[in-house]
Structure formats: structure tokens, C-alpha cells
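Below is one structure, written out as C-alpha cells; the observations come after it.
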Amino acid sequence: MSKKSDSFFPKVYNVARKIPFGRVTTYGAIARYLGTARSARMVGWAMNQCGNVRPAVPAHRVVNRNGLLTGKHHFGSDLMQQLLENEGIKIEENRVVDLKKVLWEPGKKQGKAKRR
DNA sequence: GAGGTGACGACCC
DNA sequence: TGGGTCGCCACCT
């Protein structure tokens, strides 16, 4: 696979799948981690295709910069909110409560890593 | 084949 | 300090 087929789509899925339980991330965080902060839109698109990708991506753990469950409408009903609450994340007004507390950024990881 | 849309974000004025 | 505009790349029509 030395091809250049390294589209950032699979990268987004890879990062999204690394989101730990009870934590959430933002489109911008993933996009920035990939080096394409301006392509945050594509991250959302990747989530849209997440249902078409396996293993399934916990897109319900991905919210926008405001902590708003923008993708909730795409999940269908309040499924996204229910899933987040199921993980211990409080949701109010379709927003993640204490987003900064549950916010998880790729690259930081939980323990420690080589990081760069 | 081409154009428009899209689950956002950053930059500019 | 806030509001407005552009950019990004892939998928759909």
C-alpha cells in the first residue's frame, strides 16, 4: 500500500474510533490533527459515511466546536443524545455539558505517547 | 462531465 | 469585539 490513497477519510475513522468511552471530540480537533483544520466540514462528511464504514465509527461522540450535537439529526431522533448520556455525558439543549471536561483530543491520548 | 451540496472551522474586516 | 466570508474535499444529482 504505498499508494497515495491516504485520503483523510480513513484517518478520520481511525481517530474517531480511538475516542475513549465517556469522552467526546470535535470535528475541528480531528481536522486539525490531520493537518486540515479548514477541512472540518469533511470530517462531518466522514461521519455521514461512518454508517457505511466498518467497523462502525462512534460518530455520536463527535460534536461541533460548540459542543452542539449537530449530527443528532442525522442519527435519527435523540439516539445520539441517549448514547452520550449512556456514557455518562450530560446533554442539555442538544449541547454537551462540561464539554471541556469530556473533551478528548487526538494525539493527546489518555496515558502518554511519543507525541511527535 | 460538471455543478452543487454538506454533521464546521478559521481567517479577515 | 463581533459579524461576515472563504475554504476544504468527497459524495450526490
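Please count how many residues of the range A:90-99 are more than 14 Å from the chain's Cα centre (by Cα) and either closer than 12 Å to A:V63 by Cβ or basic (K, R) (or both).
Going through the range A:90-99 one residue at a time, the tally reaches 5.
Being in contact with a helix residue (DSSP H, G or I) (Cβ under 8 Å, 6 or more places away or on another chain), within 12 Å of A:V24 (Cβ to Cβ) and crowded, with 16+ Cβ neighbours inside 10 Å holds for only one residue in A:V62, A:V102, and it is A:V62. Residues in the range A:4-59 that are over 25 Å from A:K90 (Cβ atoms) and not in a helix (DSSP H, G or I): 11 in all. Scanning the range A:47-57 for residues that are in contact (Cβ under 8 Å) with a residue 24 or more places away in the chain and within 8 Å of DNA strand C (Cβ to nearest atom) gives A:N48, A:Q49. Of all residue pairs spaced 6 or more apart or on separate chains, those with beta-carbon atoms under 7 Å, a first member in the range A:94-109 that is under 16 Å from A:Y13 (Cα atoms) and a second member that is charged (D, E, K, R) and not in a strand (DSSP E or B) are A:W104/A:R23; A:P106/A:K18; A:G107/A:R115.
Search the range A:15-36 for residues being among the polar types (S, T, N, Q) and within 15 Å of DNA strand C (Cβ to nearest atom), and hand back the single one that is surrounded by the most Cβ atoms within 10 Å (Cβ to Cβ). Step by step, filter the range A:15-36, then rank; the result is A:T26.
Computed from the coordinates by the stated procedures, all read-outs in this text should not be read as laboratory data. None of these values were measured; they are calculated from a predicted model. Heads up, the Cβs are rebuilt from the backbone with ideal geometry, glycines too, and the neighbour counts pull from every protein chain shown.
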